[in-house]
Amino acid sequence: MRISSVNTYLVRPRWGFVEILTDEGIAGWGEAVLEGHASTVAACVEEMSDYLIGADPMKIEDIWTVLYRAGFYRGGGVLMSAIAGIDQALWDIKGKYFQAPVYELMGGSCRNRMRVYSWVGGDRPTDVGAAARERMDAGFTAVKMNATEELQMIDSYEKIDQVLERVGAIRDACGKYFGIAIDFHGRVHKPMAKVLAKKLEEYDPMFLEEPVLCEHMENFKEIAACCNIPIATGERLFTKYDFKRLFEAGGVDIIQPDLSHAGGITEMKKIAAMAEAHDVALAPHCPLGPIALASCLQVDATSYNAVIQEQSMGIHYNVGKTVLDYVKNKEDFEFTDGYVKLPVKPGIGVEVNRELVLEESVCPHKWKNPVWRHRDGSVAEW
């Protein structure tokens, strides 16, 4: 079997899909996208296709290594996202060839289902108490919210009090043991992150996400020392070598690699194993589409330290189209009591609505994240 062609598609709301075709008629799907830079990643996939045409799609590790090492320059969001989508598609082909879910080819599952959480609140969170209660009534056992709007390096305690009020509203609405994940989204700098982390302790959050950006990973230990809340990060790290430095820096309890940014299933499985060796939990980042979610579940199935999975159904970014629009086997993505069953179809586990993908790709999206500014006119972290 040989790879015969590689196709890329940009589809709403902000995703990029890869389709790899073979001369034996087996097609594989991946999700290759870097939010806000989808066209750049698609161009990178097309550039990498020179290495793919005529190759044996079953030799995933070799192809991954060629794409990573043979190009001299390596790592970073664009290159690793392109590799990630290609890698997912190759695993999809391999699973379909052997008529088995991908996790069965990686040693089989160590769990029967995966806990998931839901987003509430939007970019500038409001009405989170009622929204969280709605998710709880729908069966979810945890939600995640953005902690705050933009913050200066040293900012007003009024904004701190607003964060505490919102988290308190969720705790009041959903009870003491409902999971609350609080995403600082890299908007908070170390001086205010220490203040927030300490004050949020009373609400027993499930974790604090990206309390500072990973370029300041040496500060995680200092922030962790300010509170007794698990610290999570990793969506903006792209290789096992990035995570090696994170583990060496310490202070992090949960890693959140994004399977569509961090080299796909092949690299994610290695990162997960590294985390397990450091007694660090895995909670993959996935505010993306159905192929990315199904790929995450394949790794979750085989990773002992996987604790909870992000998913984007109902997330505020999904405007125009949502996850299940592109899925024919919708029943495999139903949530029950805050869990989703492991994929059952061969390969990644998604029967892609190719007709809709082709229709959407006629007018490719140009999604960009907003540009925020502080009151003094300086650029704010989004």
Is it true that some residue in the stretch 269-278 is open to solvent by less than 50 Å² (accessible area, probe 1.4 Å), of a type in the set (Gly, Ala, Ser) and outside any strand (DSSP E or B)?
yes
Within the stretch 219-226, does at least one residue satisfy the condition of being modelled with pLDDT under 95 and surrounded by 16 or more Cβ atoms within 10 Å (Cβ to Cβ)?
yes
Residue in the stretch 302-310 that is in contact with a helix residue (DSSP H, G or I) (Cβ under 7 Å, 6 or more places away or on another chain) and in a helix (DSSP H, G or I) present:
yes
Kindly indicate whether His278 is touching a residue at least 60 places away in the same chain (Cβ under 8 Å) and either in contact with an Asp or Glu (Cβ under 8 Å, 6 or more places away or on another chain) or more than 20 Å from Glu35 (Cβ to Cβ) (or both).
no
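One line per residue, one yes/no per condition, for (1) in contact with a Pro (Cβ under 9 Å, 6 or more places away or on another chain); (2) part of a helix (DSSP H, G or I):
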position: Phe140; (1), (2): no, no
position: Met145; (1), (2): yes, no
position: Met153; (1), (2): yes, no
position: Glu158; (1), (2): no, yes
position: Ala173; (1), (2): no, yes
position: Arg187; (1), (2): no, no
position: Asn219; (1), (2): yes, yes
If you go through the stretch 243-268 one residue at a time, how many are under 26 Å from Asp92 (Cα atoms), charged (D, E, K, R) and in a helix (DSSP H, G or I)?
1
Val212: passes all of (1) free of Cβ contacts under 8 Å to residues at least 24 places away in the same chain; (2) buried (at least 21 other Cβ atoms within 10 Å of the Cβ); (3) of a type in the set (A, V, I, L, M, F, W, C) but (1)
Taking the stretch 279-290 and keeping residues surrounded by 24 or more Cβ atoms within 10 Å (Cβ to Cβ), among the aliphatic types (A, V, I, L, M) and not in a strand (DSSP E or B) leaves Ala283, Leu288
Enumeration of residues in the stretch 138-157 that are open to solvent by 30 Å² or more (accessible area, probe 1.4 Å) and under 14 Å from Arg171 (Cα atoms):
Thr141
Tell me which residues, restricted to the stretch 1-51, are more than 25 Å from Gly320 (Cα to Cα), touching a residue at least 12 places away in the same chain (Cβ under 8 Å) and part of a loop (DSSP other than H, G, I, E, B).
Met1, Arg2, Asp23, Glu24, Ile26
Tally of residues being in a loop (DSSP other than H, G, I, E, B) and open to solvent by 50 Å² or more (accessible area, probe 1.4 Å) across the stretch 327-353:
6
Any idea how many residues of the stretch 354-371 are open to solvent by 40 Å² or more (accessible area, probe 1.4 Å) and either part of a helix (DSSP H, G or I) or touching a residue at least 24 places away in the same chain (Cβ under 8 Å) (or both)?
10
Residue under question is Ile170, and the condition is that it be under 20 Å from Thr266 (Cβ atoms), open to solvent by less than 10 Å² (accessible area, probe 1.4 Å), modelled with pLDDT of 95 or more and not small (Gly, Ala, Ser); does it hold?
no
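Let's see how each residue does on (1) more than 17 Å from Val350 (Cβ to Cβ); (2) of a type in the set (A, V, I, L, M, F, W, C):
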{"site": "Ser4", "(1), (2)": "yes, no"}
{"site": "Val11", "(1), (2)": "no, yes"}
{"site": "Phe17", "(1), (2)": "no, yes"}
{"site": "Gly36", "(1), (2)": "yes, no"}
{"site": "Val45", "(1), (2)": "yes, yes"}
{"site": "Arg74", "(1), (2)": "yes, no"}
For the stretch 106-130, name all the residues that are surrounded by 21 or more Cβ atoms within 10 Å (Cβ to Cβ), farther than 20 Å from Tyr304 by Cα and either at pLDDT 95 or above or β-branched (Val, Ile, Thr) (or both).
Ser118, Val120, Val128
Which condition does Phe243 not pass, out of (1) closer than 30 Å to Ile348 by Cα; (2) without any contact (Cβ under 8 Å) to a residue 12 or more places away in the chain; (3) of a type outside the set (Gly, Ala, Ser), if it passes all the others?
(2)
Selection from the stretch 302-320 of residues more than 18 Å from Ala142 (Cβ to Cβ) and at pLDDT 95 or above yields Thr302, Ser303, Tyr304
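The values are calculated or read from the model by the stated rules, or taken from the named source; none is laboratory data. Note that the structure is a prediction, hence the values are computed from the model and not measured. Neighbour counts run over all protein chains shown; Cβ positions are idealised from the backbone, glycine included. Just so you know, the surface numbers come from the protein's heavy atoms only, side chains and all, with ligands and any DNA or RNA stripped out. Shrake-Rupley method; radii C 1.70, N 1.55, O 1.52, S 1.80 Å.
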